[in-house]
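Before any comments, here is the structure.
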Amino acid sequence: MHFQQELDRIAAHYTGQGYQVVLDPNAVNLPPFAHDFKVELVGRRAAEGVLVAVKKNREELAADTNISRYAEITSKQPHWRFDFVILEAEESGSRELRGAQEFSDEDLTKVLAEAEEMVRAGFIRPALITAWAGFEAAMRMRLRAAGETAGWGTEPRGMLNELYSSGVLDTDEFHQMEAMFRLRNQIAHGFSSPSFDATDVQFLNDVARQLLEDSQSAKQHA
């Protein structure tokens, strides 16, 4: 993986969305609130702006203790958002997802209800996996309703960050979802996980339903 080529590809993605992009921006190119940020890209589109950090892998992301600060500061600025991209290999099996059909609103509602049925039957671990699947689908719906691109190859962590930086998720929800994402991965890949209960599944479902409701409202006013 050639880092500069990947940066150029990411820049082209934002340019395609109508942003005027500067790679490797310095204090002159950055907005005043972000004059000390170390990011790989800044983009401006009319009254909107985006700051983008690019990391080679999750370990590099975890090592950068400034990312959360950048996202929190940016989230408080009108018309600005903070994104980050992880340059990691495509997950095994993800090619098979190409062409897969997205959930309808009815499909999503059914999946969330199934997760709750599993909880009532005492199957908490599979319930959380099912609830997370519904939440991922709801994130894609919400982003598409806002005019963003979200499909088979969109990383859940990136969607979380975008929803947080745009103010859809508040700070507490964002951190809880980060924990749920780690928990989902531990369970799905066959590792032991911290203890959790039905309230965690319900939290995922509640946020997913709110994202679905927001998406439906956005469609009606489009």
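Computed from the coordinates by the stated procedures, all read-outs in this text should not be read as laboratory data. No experiment lies behind these values; they were computed from the predicted model shown. Note: ideal-geometry Cβ built from the backbone for every residue, glycine included; neighbour counts use all protein chains shown.
Quick one: Cα convex hull volume of region 94-220, Å³ per residue?
Working: hull volume 13.7 nm³, N = 127.
Here the figure is 108 Å³ per residue.
Would you mind ranking Ser195, Ser166 so that the residue whose beta carbon has the fewest other beta carbons within 10 Å leads the list?
Values: Ser195 7, Ser166 19.
In increasing order of surrounding Cβ atoms, one gets Ser195, Ser166.
For the pairs Lys76/Lys219; Lys55/Lys76; Lys110/Lys219; Lys38/Lys219; Lys55/Lys219, note any where the Cα-Cα span goes beyond 29 Å. Write out the running numbers ahead of the final one.
Working: Lys76/Lys219 26 Å; Lys55/Lys76 23 Å; Lys110/Lys219 20 Å; Lys38/Lys219 36 Å; Lys55/Lys219 33 Å.
Over 29 Å apart, Cα to Cα: Lys38/Lys219; Lys55/Lys219.
Taking the Cα centre of the chain as origin and charging only Cβ (+1 Lys, Arg; -1 Asp, Glu), how large is the dipole, in debye to the nearest 20? Before the final figure, lay out the partial values.
Details: 23 positive and 35 negative charges, 70 e Å.
Around 340 debye, computed over the chain.
In what order do Phe37, Phe135 fall by count of nearby beta-carbon atoms within 10 Å, going from fewest to most?
Working: Phe37 19, Phe135 29.
Ascending Cβ contact count within 10 Å gives the list Phe37, Phe135.
With semi-axes √(5λ) of the Cα gyration tensor in Å defined as stated, name the option among (1) 31, 19, 17; (2) 30, 16, 14; (3) 38, 20, 13 computed from the structure displayed.
Derived directly from the coordinates: (1).
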